[in-house]
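Heads up, the thing below is written out as C-alpha cells.
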Amino acid sequence: MATVTAAAVVSSTEARTEGNSLGALAAGAVVGGVAGYVLAGQMGESAADVEEKFATYWPRKCMILFGAPGAGKGTQAPKIVNVLGIPQLSTGDMLRDAVARQTEVGKAAQALMKAGELVGDDVVVNIIRDRIKSDDCKFGFILDGFPRTIEQARALDKMLVEKGECVSSVMAFNVPDEVLEERICGRWMHKASGRSYHTNFAPPKSMKKDASGAVIADTMLDDETGAKLYRRPDDTPEALKKRLESYYGKTVPILDYYRPRGVVSEVNANQAIDKVWSEVSHGLQ
Ligand code: AP5
C-alpha cells in the first residue's frame, strides 16, 4: 500500500466495488480507515462516494518540508508523495516553470531567483492559494519551499483557517552548512518531474566522466525518461551564500512560529539518502 496514492487505490478498486457493498467497504477502509469502513459498509456507497465524503468533511493534511537549500527536501519528497498519496507543491518548481514559460510572474522572478533572493510574498502566496484549490489537493498537500517568511506563514494560516484547516506537520531537515555547497554544486535536475541527482551522491545511471574525471554533460540523463538533465542557474557558491542569508534571516524564524503548536519534527539529513528516508518514513507514522 505504501507505493500507491489514495486516488489510485480508489480508482483501482472502483470497478470491483460498484454495486458491491463488501467491495465498497474494503475501498472505504483503504481510503479512510475505520471511518471509511463505517461509511461504505453501513450505507453500501461506492468508493467514489466515500472519497467525496472524505474530501468534503475531513480536514486536509498540510505538511511542510522545511530546511536549508540542498538539505534534501526535494530528494525525499517523491517518496513521501508515494506514501501519503497527496501532491508535493514546490514553489521553487512552480516559479522555475513560470520562468521557462516567460509568464509575467516568471519574468519578475527570474533575476531574483538567479541571484538567490526571495521572490515577493504576494506572488508565492497567490500561487499557493490557487494551487491548493486543485482537485488533486482534496485530501491534502505537501509544501516544499513554502512558507519561507513569517508573512507567508501567516497568509497560509489565514487561507487554511477559512476552510477550518491548519498546518498538520512541519518536518525540518537538519544539515550543517558545510555540506550544502558540495550538494548544491553537484546537483543536476530533471525539469519535468523535479527529480534531483548528484554527481557524487546520487548519479544517474547514464553518467560518464572524461579522462580528467569531469562529468560529460551529454551523459547526464534522467533514469526514468532518458531526458537530458540540467543545472539550476542559482546552484552556484555565490547564489548559495544569498540563499543561506535569506534562510537564516527570514525562514528559520518560522520554526518558532510553529513549535508551540506541537507540529514540528526534526530529521538528521546529514546522512546517506536512504538513512534519511528511514527517519522520514518513521516520522510520517
Ligand atoms: P527552491 O527550489 O525551493 O530551492 P531551495 O529551497 O533553495 O531548496 P533546494 O531545492 O535547493 O534544496 P532541496 O532541499 O530540495 O535539495 P535537494 O533535495 O535537491 O527555491 C529556489 C528559489 O525560488 C529561491 O531561492 C527563491 O528565489 C524562489 N522561491 C521559492 N519558493 C519561494 C518562496 N516561498 N518565497 C520566495 N521565494 C521563493 O538536494 C540537493 C542535492 O543534494 C541533490 O543533488 C541531491 O541529490 C543531494 N542530496 C540530497 N540528500 C542528500 C544526502 N542525504 N546525502 C548526499 N546528497 C544528498
If you scan region 222-256, which residues turn out to be open to solvent by 60 Å² or more (accessible area, probe 1.4 Å) and farther than 21 Å from K114 by Cβ?
D223, E224, T225, D256
Of the candidates G186, G164, the one satisfying the condition of being in contact (Cβ under 8 Å) with a residue 40 or more places away in the chain and either more than 20 Å from the chain's Cα centre (by Cα) or closer than 24 Å to D235 by Cα (or both) is G164
Taking I80 as meeting all but one of (1) under 13 Å from F141 (Cβ atoms); (2) modelled with pLDDT under 95; (3) within 16 Å of the ligand (Cβ to nearest atom), write down the number of the exception.
(2)
Subset of region 148-161 [hydrophobic (A, V, I, L, M, F, W, C) and either under 17 Å from the mean Cα position of the chain (by Cα) or part of a strand (DSSP E or B) (or both)]
A153, L156
Here are D121, D157, D144: which of them is at pLDDT 95 or above and under 17 Å from M189 (Cβ atoms)?
D144
Of (1) at pLDDT below 80; (2) assigned to a loop (DSSP other than H, G, I, E, B); (3) crowded, with 17+ Cβ neighbours inside 10 Å, G70 satisfies every one except (1)
Of the numbered conditions (1) more than 26 Å from E52 (Cα to Cα); (2) in contact with a Lys or Arg (Cβ under 9 Å, 6 or more places away or on another chain); (3) surrounded by 21 or more Cβ atoms within 10 Å (Cβ to Cβ), I142 satisfies every one except a single condition; which is it?
(1)
What do you reckon, is K138 away from the ligand (no atom under 15 Å from the Cβ) and out of contact with any Phe, Trp or Tyr (no Cβ under 9 Å at 6 or more places or on another chain)?
no
Residues located in region 75-85, provided they are touching a Lys or Arg at 6+ places or on another chain (Cβ under 8 Å) and buried (at least 19 other Cβ atoms within 10 Å of the Cβ)
L84
Of the conditions (1) within 13 Å of the ligand (Cβ to nearest atom); (2) free of Cβ contacts under 8 Å to residues at least 12 places away in the same chain, V123 fails just one. Which one is it?
(2)
Can you tell me which residue in region 97-115 is nearest to the ligand (Cβ to nearest atom), limited to those that are part of a helix (DSSP H, G or I) and open to solvent by less than 50 Å² (accessible area, probe 1.4 Å)?
M113
Taking the stated definitions as given, is G283 at pLDDT below 95, surrounded by fewer than 19 Cβ atoms within 10 Å (Cβ to Cβ) and assigned to a helix (DSSP H, G or I)?
yes
Looking at T199, T219, can you tell me which residue is closer than 27 Å to K275 by Cβ, free of Cβ contacts under 8 Å to residues at least 40 places away in the same chain, among the polar types (S, T, N, Q) and open to solvent by less than 30 Å² (accessible area, probe 1.4 Å)?
T199
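The values are calculated or read from the model by the stated rules, or taken from the named source; none is laboratory data. None of these values were measured; they are calculated from a predicted model. Positions of Cβ are generated from backbone atoms using ideal geometry, with glycine treated the same way; all protein chains shown enter the neighbour counts. With ligands, DNA and RNA removed, areas are computed over all heavy atoms of the protein, side chains included. Shrake-Rupley method; radii C 1.70, N 1.55, O 1.52, S 1.80 Å.
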